[in-house]
1. Semi-axes, largest first, in whole Å: what does sqrt of 5 times each Cα gyration tensor eigenvalue give for the range 72-143?
2. Loop-only check: which GluC sites (Glu not before Pro) in the range 70-143 are DSSP coil with at most 11 other Cβ within 10 angstrom?
3. What ³J(HN,Hα) values, in whole Hz, does the Karplus curve 6.51 cos²θ - 1.76 cosθ + 1.60 give for the range 77-94 when θ = phi - 60°, with x put for Gly and Pro?
4. Along the Cα-to-C-beta direction of T50, a point sits 7 Å from the Cα; which residues of the range 108-140 have their amide N less than 15 Å from that point?
5. Using the Kirkwood radius over Cα pairs, work out the Stokes-Einstein diffusion coefficient for the chain at 20 °C and 1.002 mPa s, in µm²/s as a whole number.
6. Using heavy-atom solvent-accessible surface (probe 1.4 Å) with all chains present, what is the largest-first order of M5, M105?
7. Per residue of the range 116-126, what does 6.51 cos²θ - 1.76 cosθ + 1.60 with θ = phi - 60° give for ³J(HN,Hα)? Whole Hz please, x for Gly and Pro, Karplus curve as stated.
8. Using the charge dipole of the chain (Lys, Arg: +1 at Cβ; Asp, Glu: -1 at Cβ; taken about the Cα centre), state which of V114, L73, T128 has its Cα farthest towards the positive end.
Amino acid sequence: MPTFMLTEILEKTNQLLEAKDKQKAKQYLINNKTPMLKLLFKYLLDKEVTFYRKECPPFTPDASAREASVSILEQELKRFYIFEAGYDRCSLERKDQLLVQILEMLKEEEALLVCNLLQRKNPYKKITKQFVLEVFPEMSEAK
């Protein structure tokens with residue numbers, strides 16, 4: 001089974017929901033479920049999660065990242081707790097350095113998603129918290 005980038009999974013799910021094919025969208029998410037996808041949904045949809053900044057710092061996208069076959073976001077997402085508002089084990093300057101490093105390694109669509117996360121914007125309008133909890137009911141218990 002091929003693995004898809006997180007942004008590809010979100011885009012395809014959103015398209016299926018726009019086409020009013022909720023069952024296919026649910027099955028697609030179930031078939032592509034990973035711990036990082038569920039973590040991304042937490043960051044994307046849980047309004048209790050806030051980040052230390054509300055916008056992306058200036059960064060220079062790496063043109064070679066477009067050609068990469070792997071998703072850096074999938075690898076880096078597990079470190080995003082550092083960017084949550086309550087995390088105080090590193091300075092704001094260090095958080096900015098780490099965030100810029102990550103953003104510069106990501107593909108353009110992944111970097112855009114991270115910027116949307118910081119701004120608490122969901123670019124996938126059809127993917128709602130209610131829908132995700134229908135697919136992954138165990139997420140309602142996770143805090």
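1. Numbers: eigenvalues 121, 54, 24 Å².
Semi-axes (√(5λ), whole Å): 25, 16, 11.
2. Details: sites: E74, E76, E84, E93, E104, E108, E109, E110, E134, E138, E141; in loops: E141.
Loop-located and lightly packed - E141.
3. 4, 5, 9, 5, 4, 4, 8, 6, 4, x, 7, 10, 8, 9, 6, 4, 5, 5
4. Output list for this probe position: 118-121.
5. Numbers: Rh = 15.9 Å.
Calculated translational D: 135 µm²/s.
6. Values: M5 15, M105 80 Å².
If we order M5, M105 from most to least accessible, we get M105, M5.
7. For the range 116-126, the Karplus curve yields 5, 4, 4, 7, 6, 10, 9, x, 9, 4, 7 Hz.
8. T128
The values are calculated or read from the model by the stated rules, or taken from the named source; none is laboratory data. Remember, it's a predicted structure, so these values are computed and weren't measured experimentally. Please note: Cβ atoms are built from the backbone with ideal geometry, for glycine as well, and neighbour counts cover all protein chains shown. Side chains included, ligands, DNA and RNA excluded: accessible areas come from the protein's heavy atoms. Shrake-Rupley method; radii C 1.70, N 1.55, O 1.52, S 1.80 Å.
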